[in-house]
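Working notes for the structure below.
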Amino acid sequence: MKKVAFFCIPAHGHTNPMLPVAAELVRRGNTVQFFSFDEFRDKIEATGAQFVSCDAYLPPLTAREEAGLKNVSTTEMTLQDIRITRNMDSFLAEAFESFRPDVVYTDSVCFWGKLNAWKHHVPMVISTSTFAFNQLSSQYMKHSPKEMADMILGLPKISKELKTLKPYGYPVKGALALIQSDNQTDSIVYTSRQFQPFAESFSDHYAFVGPSIFSDAAPQKTKERPLVYISMGTVINDRPDFYASCIEALRDLNVDVVISCGHTMDPSSLEPLPDNVQVYPRVDQLALLCKADVFVTHCGMNSVSESLYMATPMVLYPQTGEQKAVAKRVTEIGAGTLLSGESIEEIRRSVQAVLTNPAFGTAAQTCSSEFRACSGVAGAADFIENAPHASNGVDVIAELNKATVRFRCIFWALTIVLFVLTGVFFGWRYGWIVAIAANILSRLLGKAAQKRTYAALLRKLH
């Protein structure tokens, strides 16, 4: 039997998929210590794991910092992760010494889990609560100008804060090394290979186990009239304006509507409600999705996975770059339609489109079958118990990077030659035109070369 240390950030979307894995490991006789936060205590203890509270190490937040976290600021979340790691150093040093875990299972953005696994030389498995992102799959991320500005302007702050970890002996080179997926680290991803973008580019250090949920119920779609379920998740859910538009859009349709609005707003603020609409702070989402015909969602990975697991097509309303990546993949497989605005007419049109076009439901059912064919929670437990893993396959990303370096060397060598020849024979002002054109062409040709190389690598693999 193994001793496994679980680590996660204080977020429902990251914690929830780890819970069934903890329960399965405990059921097999393993000892699990789950380092988390008091709001998750009951859920964690229900799995049989030993809950270890980390609330005392949360740094106090200014109003600005708290607002940044609520708005899912990448900079603010990264800064807080670094500060929590620093605050927990001596506590976790004692915990690793007394518990002596055989393996660490840590969320992909939980810095204190990753850094302490490295520092104490304990085999580590990453829990990936969204898609696995590398240089190929990250192309699905479409950040808003506000998100881009947050990341760019926050880099100096993050770099400065990272330096404070060095005196504690943490082996960290940069923030990217802490959050990126690589082909040498054992990782569990809660989706199927079919749904994961660019799945072939990930090595066999990755276990695509499918959704991690406490349910094996089958979809039950037979009822008197369609059910529309609406939720904006657990973070950016204080949206009374959006819920009100949904109510107005659907009040006269022959459908039943259930809205989960979260605890940040009073459901009574949306009253009076039409007879076909119900609003709750919290619901049993899986039980609803089991019966729902349409899910209006913010496109969090857990919500989308649960929806597809229950064969429920979606109306997609992503709020962040990560959610936009998930939404894009859902539209690619044909299991949902993107909401282009918040107007009453657009909401009504989108819901009706999904209700009346059976192709959406068929695509969701296909994905449900793929999810249910995955190894699931048992596969995740197997993977953790047998860590660390060796990889005998081709590292597609490493080979792709080598090809990219070769392309750039050849391209810019030829560009320099052409620049000099143009300058000598036609004048240097024309040479600079060559340089500018080459800079533009390098991006276009580079992408084309990468695409060809990737296709050739896939042929080699198969």
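Some observations on this one:
- Length-normalised contact order for the chain - Cα pairs under 8 Å, 6+ apart - percent: 14 percent
- Gyration tensor verdict on segment 87-161 (Cα atoms; rounded if a/c is under 1.5, prolate if a/b is larger than b/c, oblate otherwise): oblate
- Within segment 81-158, none of the GluC sites (Glu not before Pro) combine a DSSP coil assignment with at most 11 other C-beta atoms in a 10 angstrom radius.
- Relative contact order %, segment 79-144, counting alpha carbon pairs below 8 Å whose residues are six or more apart: 29 percent
- Between amide H atoms placed 1.01 Å from N, distances below 5 Å from Phe6 occur with Gln33, Phe34, Phe35, Tyr105, all of them 5 or more places distant or on a separate chain.
- Rounded to the nearest 500, the 222 nm mean residue ellipticity of the chain from helices alone is -15500 deg cm²/dmol, with -39,500 (n - 2.57) taken per DSSP H run of at least 4 residues.
- Computed over segment 184-245, the percent of Cα pairs more than 20 Å apart is 59.
- Dipole axis of the chain (+1 Lys, Arg; -1 Asp, Glu on Cβ), positive-most option in Leu115, Val52, His298: Leu115
- Value of D in µm² per second that Stokes-Einstein yields for the chain, Kirkwood Rh from Cα pairs, at 25 °C (0.890 mPa s): 101 µm²/s
- Carbon and sulfur %, accessible surface of the chain computed with the full protein complex present, 1.4 Å: 57 percent
- Segment 319-361 versus segment 413-462: alpha-carbon centroid distance in Å: 39 Å
- Both radii are taken from the alpha-carbon atoms of segment 202-314; with Rh as the Kirkwood radius, Rg/Rh is 1.02.
- For segment 163-193 versus segment 221-269, the inter-centroid distance based on Cα atoms is 38 Å.
- Cα-centred dipole magnitude for the chain, charges only on beta-carbon of K, R (+1) and D, E (-1), debye, nearest 20: 2040 debye
- For segment 375-423, the alpha-carbon coordinates run over 66, 18, 12 Å along the three principal axes, in decreasing order.
- Amide H to amide H, with H built 1.01 Å from N, Asp238 comes under 5 Å of no residue 5 or more places away or on another chain.
- In terms of its alpha-carbon gyration tensor, segment 227-291 comes out oblate; a/c meets the 1.5 threshold, while b/c is at least as large as a/b.
- Two-decimal log10 I(q)/I(0) for segment 1-62, as the Debye equation yields it once each C-alpha is a single scatterer, q = 0.12, 0.13, 0.16 Å⁻¹: -0.28, -0.32, -0.47
The values are calculated or read from the model by the stated rules, or taken from the named source; none is laboratory data. Nothing here was measured: the structure is a model prediction, and the numbers come from that model. Don't worry about glycine lacking a Cβ; one is built from the backbone with ideal geometry, like all the others, and counts go over all protein chains shown. Ligands, DNA and RNA are stripped out before the accessible areas are found, and what is left, the full protein with its side chains, is counted by its heavy atoms. Shrake-Rupley method; radii C 1.70, N 1.55, O 1.52, S 1.80 Å.
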